[in-house]
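Below: one structure, written as structure tokens.
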Amino acid sequence: MVVYDTVLVRYGELSTKGKNRNIFIRKLLDNIKSSLKDLEKLEYRYTRDRIYIKINGEDSKEIEERLKNVFGISSFSFTCKINSDIEEIKKITLELVKNLETSTFKVITKRQDKTFELNSDNVNRATAGNILANTNHKVDVHNPNIRINIEIQKENTYITSNKIEGAKGYPTGVNGKVLLLLSGGIDSPLAAYYIMKRGIEVEAVHFASPPYTSKQSFDKVVELARIVSKYQGKMKIHVVNFTDLQMEIYARCDESYAITIMRRMMYRIAEKLALKRNCLAIATGENVGQVASQTLESLAVINEVIKMPVIRPLITFDKIDIINMSRMIGTYETSILPYEDCCTIFTPKNPVTKPKSTKAVYYEKNIDYDTLIDNSIENIETVLVLPNEVKDEYL
């Protein structure tokens, strides 16, 4: 019986990189090690084209589930590592398929060691011929049920018959860091997923308005962060007490402009916090036309109060696609729990959909918002969220 003893990891988009390729690969390796850090028997090595993980008896299923969530991996396979010898290759490939239900197969050889006695085509022929002579399997080079991959290196050969899809994208953290406005809704957790996939680390800022927003509402946000944190190993949530500023807005502004002014204040706070946290941009889950504050006119008026770039990965998504993707990453059922956040609990009956900058500035003159913003930032509490736990202490 063939025992898989090594995981062969194939790179995704980073394989197209030039001079920075090694930086990307080392970051991917660091992220893989972080994801598998409690599996202490694993051994790692990497080349220009592959990362190899020696299993040493660790749980293969656990390794598989975790590697699926590591961005930067195109695909990976559990492989059998043997000596680079054609007779050994024929023996192991036969063992791989002889107990499988009769089917079709194809042999695919990648010969990295050009000094090996046979070229790739001849290895394919020798291996396939041995299987045909000893089993009832048939060759199908176009649409086989079984793909036998042989990778021949100088000292060792890796053989596998499975390929598991990876998360693709870039290794999270290789392209800097952003501060995401994280609510308890469907959109912002999915935005975090897509940002991480582009190699960007995500920290989150959440605006709470106690006692109007409940502990359940905050717990819901923490759970959403915990779910998406598996894609980068951890996430920090910076919790802003927004109550005083929000009450001032509703006391001193026309109700129709309350959401616009509120979002402008959130952006101002987010920019100041992002600069303190060495983030290069702000990110949101905004989607054109979804609510009053997300019309193009609203986005323009809200955005004008800051200079920092704003990343909106869901800006043109269809809502059905957002729901389907949130189900795929496991956040949807938590997002629809009926606990309101500060963006929904004070929603006016008739919010303006085409706000004017001049009116927003006029209403803001009635608020000493600089002082309130500074107070909010000074009293921020930060929670560290890990895939399997939440740190109770504030950092």
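No value in this document is a laboratory result; all are computed from the given coordinates. Computed from a predicted structure; not experimentally measured. Note that each Cβ is placed from the backbone with ideal geometry, even for glycine, and that neighbours are counted across all protein chains shown.
Worth pointing out:
- Within the same chain, lysines fewer than 8 places from residue 98 are excluded, and of the rest, those with a Cα less than 22 Å from its Cα are 81, 90, 106, 138, 163.
- FRET efficiency for residue 347 and residue 300, using Cβ-Cβ distance with R0 set to 22 Å, rounded to 0.05: 0.60
- The listed peptides 234-246, 100-112, ordered by packing as a protection proxy, come out as 234-246, 100-112 (highest mean of other Cβ atoms within 10 Å first).
- Label-point separation in nm, residue 321 to residue 219, each point 7 Å along Cα→Cβ: 3.5 nm
- Percent antiparallel among DSSP beta bridges (both partners in the chain, rounded to 5): 55 percent
- Listed options for Rg and Dmax of the Cα atoms in Å are (1) 26.6, 87; (2) 24.2, 76; (3) 21.3, 64. The value calculated from this structure is the one marked (1).
- Peptides ranked, highest mean first, by Cβ atoms within 10 Å: ranges 260-267, 58-65: 260-267, 58-65
- Sequence of 34, 335 once ranked by neighbouring C-beta atoms within 10 Å, starting from the fewest: 34, 335
- Rounded if a/c under 1.5, otherwise prolate or oblate - the stretch 272-336, Cα gyration tensor axes: oblate
- Note on the stretch 177-390: antiparallel DSSP beta bridges, both residues inside, total approximately 30 percent of the bridges counted.
- For the chain, the relative contact order is 17 percent, taking Cα pairs closer than 8 Å that sit 6 or more residues apart in sequence and dividing their mean separation by the residue count.
- The distance between label points at residue 138 and residue 37 comes to 5.3 nm (points 7 Å beyond Cα on the Cα→Cβ vector).
- Rounded tilt (10° steps) of 243-252 against the dominant C-alpha axis of the chain: 50 degrees
- Charge tally around residue 257: other residues with Cβ under 12 Å, Lys/Arg +1 each, Asp/Glu -1 each, net +3.
- Between the helical axis of 120-134 and the longest alpha-carbon principal axis of the chain there is an angle of about 70 degrees.
- Structure note, pairs 236/307; 234/354; 37/276; 33/197; 68/234: Cα-Cα distances above 27 angstrom occur for 234/354; 37/276.
- Between the C-alpha center of the stretch 44-58 and that of the stretch 250-271 there is a gap of 51 Å.
- When the charge dipole of the stretch 169-230 is built from unit charges on Cβ atoms (+1 for Lys and Arg, -1 for Asp and Glu) and taken about the Cα centre, the candidate among 174, 216, 189 whose Cα reaches farthest toward its positive end is 174.
- Shape of the stretch 80-170 from the C-alpha gyration tensor: oblate (a/c of 1.5 or more and a/b not above b/c, with a ≥ b ≥ c the square roots of its eigenvalues).
- For residue 349, the aspartates and glutamates whose Cα falls under 14 Å of its own Cα, not counting residues fewer than eight places away in the same chain, are 254, 255.
- Prolate/oblate/rounded label for the stretch 243-395 (Cα gyration tensor, a/c 1.5): oblate
- Based on C-alpha pairs under 8 angstrom that are at least 6 apart in sequence, the stretch 6-165 has a relative contact order of 26 percent.
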